[in-house]
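The values are calculated or read from the model by the stated rules, or taken from the named source; none is laboratory data. Because the structure is predicted, anything quoted here is derived from the model rather than measured. When we count neighbours, we look across all protein chains shown, and the Cβ atoms used for this are built from the backbone with ideal geometry, even at glycine. These area figures cover heavy atoms from the full protein model, side chains too; ligands, DNA and RNA do not enter into them. Shrake-Rupley method; radii C 1.70, N 1.55, O 1.52, S 1.80 Å.
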Amino acid sequence: MVEAEVIMKKKNEEERGGKRRWGWAAIGAVLMVLVAISVTSKYTKNPNSCQCAQDSRKYTGIVEDCCCDYETVDSINGAVLHPLLQELVTTPFFRYFKTKTLPQVKLWCDCPFWPDDGMCKLRDCSVCECPETEFPELFKKPSQYALPSDDLKCQEGKPEAAVDRTLDSKAFRGWMEVDNPWTNDDETDNSEMTYVNLLLNPERYTGYTGPSARRIWDAVYSENCPQYASGESCQEKKVLYKLISGLHSSISIHIASDYLLDEAKSLWGKNLDLMYDRVLRYPDRVRNLYFTYLFVLRAVTKAKNYLEQAEYETGNHDEDLKAQSLIRQLLYNPKLQAACPLPFDEAKLWQGQSGPELKQQIQKQFRNISALMDCVGCEKCRLWGKLQVLGLGTALKILFSVDGHSQSNQPLQLQRNEVIALVNLLNRLSESIKFVQEVSPSIEKKMDGLLSEPIAEEFSSWRRIWEAVGGFCINFWRQCDVRELV
């Protein structure tokens, strides 16, 4: 009897031990699942989320390689330059840009690198040319100040490294018919030129995408303007890359800010996602935009004597006086002079024994970039590409003299079209700076919201898991004597 009781007691203890081991094993298995989910969720989040969360997206301090800070640029651009430029580019003198005729039969044959087959998706790609009765009569007349061909110096000759910041105080001698050595176009050839009203042909989304469009930028960056290495010490190579990158950023911003949101309804507006994907998510592209803006602004302020004395005549007396007044306000604004008297210091470039040779190399590369604009397979994109590259080439011409060298006996000579391109380029860059300043907060807020969604989803998943675990434990404990588990 006693022996039977001992056997029964031992059997009951074994059963309780088995239940206890099974219960802890079940709970341990659940905990292991939770740990696995935690580890998996940690390492399967968006790999960019951590980086995006850490980036402040705030641009402060001095703009790299320039003499002004981001805060000053935003303030002066918004309060002074942007309003002036917006009004200036609507005047008749700056409204009309001279370019090669644009009928389809001529569109592809000028590309010196490849036969382009790019086609635009939208009718907005086409350019509306001005009838001859629309643009100013004075623009049709050849310049009475044109230089004889034997007065033109070859820019490849006697390079000098020193850069003189000053220009002749009696700078303007009439609009010159002389080529820009930094650009590819022959501005003196009027045989196939016409005028385009820029206000009727805004820079915006045209549907020009795909291999044809990508090939242009690929050729620009890979062949003529490669990105400098992180340890690159050559300042001049950095400048060329940053100028092109800044211009590229500005173009992308304008496409995104005037985008066809709904083709069926012809609804246009801002495509903030595109603006973020193309520019704002890359801090270096934003910084290069600011750099290009200050570089071009420096060219404008350096040429102030020339631009102040220039003749902005179109036959419309009131509008011509208005253009002259706005130019003077731009050149001699006290707020600009006090806040940013020297936007960019060009005197630090082309130093050392290799300076002259490097200058010629970079000048040749920029001419190639200018020639690539003839390969753009979209009329409107081509128009704005050529205008802005000419504007950038004019800024290079002003800062580094006519032939890339600064010589006291070689006064600055600008074509009317160069000044029109320069001012319109500065306006486009000014608009881009303002767009970035205005939309960045909303885009950052949106991106912060997208980053917080995975966190909220993960919390919800944890909650569901804990509820399931809780239900499991309750059911388990109901079926078992808790005392048997301890």
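Summary table below
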| read-out | value |
| --- | --- |
| Selected residue [assigned to a loop (DSSP other than H, G, I, E, B), in contact (Cβ under 8 Å) with a residue 12 or more places away in the chain, over 17 Å from residue 65 (Cβ atoms) and of a type in the set (D, E, K, R)] from 308, 313, 319 | 313 |
| Checking residue 300 against (1) of a type outside the set (S, T, N, Q); (2) in contact with a Leu (Cβ under 9 Å, 6 or more places away or on another chain); (3) open to solvent by 50 Å² or more (accessible area, probe 1.4 Å), the condition it does not meet | (3) |
| Residues being without any contact (Cβ under 8 Å) to a residue 60 or more places away in the chain and assigned to a helix (DSSP H, G or I) - total across segment 322-337 | 6 |
| Which numbered condition residue 226 misses (of (1) farther than 18 Å from residue 343 by Cα; (2) open to solvent by less than 30 Å² (accessible area, probe 1.4 Å)) | (2) |
| Which numbered condition residue 445 misses (of (1) surrounded by fewer than 20 Cβ atoms within 10 Å (Cβ to Cβ); (2) at pLDDT below 60) | (2) |
| Restricting segment 392-423 to residues that are in a loop (DSSP other than H, G, I, E, B) and among the small types (Gly, Ala, Ser), the residue that is modelled with the highest pLDDT | 401 |
| Pairs where the first residue, in segment 367-387, is under 11 Å from residue 201 (Cβ atoms) and modelled with pLDDT under 90 and the second is surrounded by fewer than 24 Cβ atoms within 10 Å (Cβ to Cβ) and basic (Lys, Arg), C-beta under 9 Å, 6+ apart | 380/204 |
| Residue match in segment 222-232 (condition: at pLDDT 80 or above, farther than 15 Å from residue 98 by Cβ and not small (Gly, Ala, Ser)) | no |
| Residue satisfying all of: in segment 310-343; surrounded by 16 or more Cβ atoms within 10 Å (Cβ to Cβ) and among the hydroxyl-bearing types (Ser, Thr, Tyr); nearest to residue 297 (Cα to Cα) among these | 312 |
| Selection count, segment 186-217, where residues are modelled with pLDDT under 85 and open to solvent by 30 Å² or more (accessible area, probe 1.4 Å) | 10 |
